[in-house]
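Chemist: To start, I am sharing the structure in question, which I have written as structure tokens.
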Amino acid sequence: MATRGSFDPQIAEQISAVREFNRFYTAKLGLLRRRHFDGEFSLTEARILYEIGANPLTTASTLRGTLELDAGYISRLLAALARKKLVRQTPSKADGREKHLTLTAMGEKAVARLNEQSTRQLQDMLANVNATDRHALVASLREVRLILSGSQNLVVRIERLTVANDDALAILQEYYEAVHVVQRDRPGSIQKIVEEPGSGMWLAYVGDEVVGCVVLRRLASARLASECKRLYVKPAARGNRIADRLLDAQEEFARSQGVEWIYLDSYSDLKTAIALYERRGYQRCERYNDNPQATLFMRKRIT
């Protein structure tokens, strides 16, 4: 066994290989520059703006967990971005110590510029790479992420509820606060959904901890249709395909109940969620309900 300060020769060789790759990709992607894309933001500032844009109404504590940064450092950066009128901070009604973070109009324009610059950079980088090698590259990157995040060993359990328990009410409350939901379900209405034929609620567990949820309810306004609601995964558990597994369970159940269409509503700021739905085959459709917060409507044929 290697002593402290020394390494097994094989481990030493692997460490050297990882460090060599780090030197390569940090230079290749321009991460060593003082400013991201030689613009007005540091790499960390750009990443914070991206995270807020992708997850509106996130909080500083969530950002700390996602980016693994010091609380004081995050606080200083957010204050600087707020002074530049790029980020808006509003107190949370549920916890006065927390503030919800959203992009201002200027912030949205800045993120759009950053995304465009990043897309151009990667397009140029991949322009001379053939299709086979591009697929291999993306697969390798996905595998690296799974290995280093420990996701390969994460055991996720999906359960359909028979009773609206405390776990369900707690994860729904977190969801309401995360996306600032106005029309909220009461415990009695959740129990009714759980009991109603063709409807249901699913929870995702890692061990004994609930980390995600989704709700399905019959849609009275459309024949042989149901509605997907309340899809949510805790920030710390994201990146493990939990949302996909929740939707898989929901769709499998819906088919067994003779449902042909699943509808959902969202709003345009939730870009990450919209991308997930589009990847799973949802297409945009006309408004089908009176939800005052919804700005976007989608449906998917599941038969």
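Derivation of every value follows stated rules applied to the coordinates shown; laboratory data play no part. If you're wondering where the values come from, they're calculated on a predicted model, not measured in any experiment. Note: ideal-geometry Cβ built from the backbone for every residue, glycine included; neighbour counts use all protein chains shown.
Chemist: Helix-derived [θ] at 222 nm for the chain: sum -39500 (n - 2.57) over DSSP H runs of at least 4, divide by residue count, nearest 500?
Modeler: Details: 10 runs with 141 residues, N = 303.
Helices in the chain give a 222 nm mean residue ellipticity of -15000 deg cm²/dmol.
Chemist: Additional query: Taking the Cα centroid of region 265-284 and of region 17-67, what is the distance between the two, rounded to the nearest whole Å?
Modeler: Each part reduced to its Cα centre gives a spacing of 24 Å.
Chemist: Quick one: Leu29, Leu172, Leu203, fewest Cβ neighbours within 10 Å first, how do they rank?
Modeler: Leu29, Leu203, Leu172
Chemist: Under a 5 Å amide H to amide H cut-off, with H placed in plane at 1.01 Å, what residues pair with His100 once short-range neighbours are removed?
Modeler: Those qualifying (amide H under 5 Å, at least 5 residues apart or on another chain) are Thr90, Ser92.
Chemist: Take the Cα pairs of the chain, get the Kirkwood Rh, then feed it into Stokes-Einstein at 4 °C and 1.567 mPa s and tell me D in µm²/s. Don't skip to the end; give the middle numbers.
Modeler: Numbers: Rh = 22.0 Å.
Rounded to a whole number, D works out at 59 µm²/s.
Chemist: Can you tell me the Rg and Dmax of region 153-301, counting just the alpha carbons, in angstroms?
Modeler: Every Cα atom of region 153-301 included, Rg and Dmax give 14.3, 43 Å.
Chemist: Among Gly212, Gly188, Gly200, which one shows the biggest mean-square fluctuation in a GNM of the chain, springs joining Cα atoms closer than 10 Å?
Modeler: Evaluated over the chain, the most mobile residue of the options is Gly188.
Chemist: Anyone know which of Arg34, Arg23, Arg245 comes out most mobile in the 10 Å Cα GNM of the chain?
Modeler: Fluctuation is largest for Arg23.
Chemist: When Lys28, Lys234 are ordered from fewest to most other Cβ atoms inside 10 Å of their Cβ, what list results?
Modeler: Details: Lys28 10, Lys234 20.
Result, fewest neighbours first: Lys28, Lys234.
Chemist: Could you give me the ³J(HN,Hα) list for region 264-278, computed from phi with Karplus coefficients 6.51, -1.76, 1.60 and θ = phi - 60°, whole Hz, x at Gly and Pro?
Modeler: So the J values, rounded to whole Hz, are 7, 10, 7, 9, 4, 5, 7, 5, 5, 5, 4, 4, 4, 4, 5.
Chemist: In addition: Here are some pairs, Lys93/Lys300; Lys234/Lys300; Lys99/Lys300; Lys28/Lys271; Lys84/Lys271; Lys109/Lys234; which of them have Cα atoms lying more than 31 Å apart in this structure?
Modeler: Where the Cα-Cα span goes over 31 Å, the pairs concerned are Lys93/Lys300; Lys99/Lys300.
Chemist: Enter the angle in degrees (range 0 to 90, nearest 10) between the Cα long axis of helix 131-149 and the first principal axis of the Cα atoms of the chain, meaning the one along which they spread out most.
Modeler: 80
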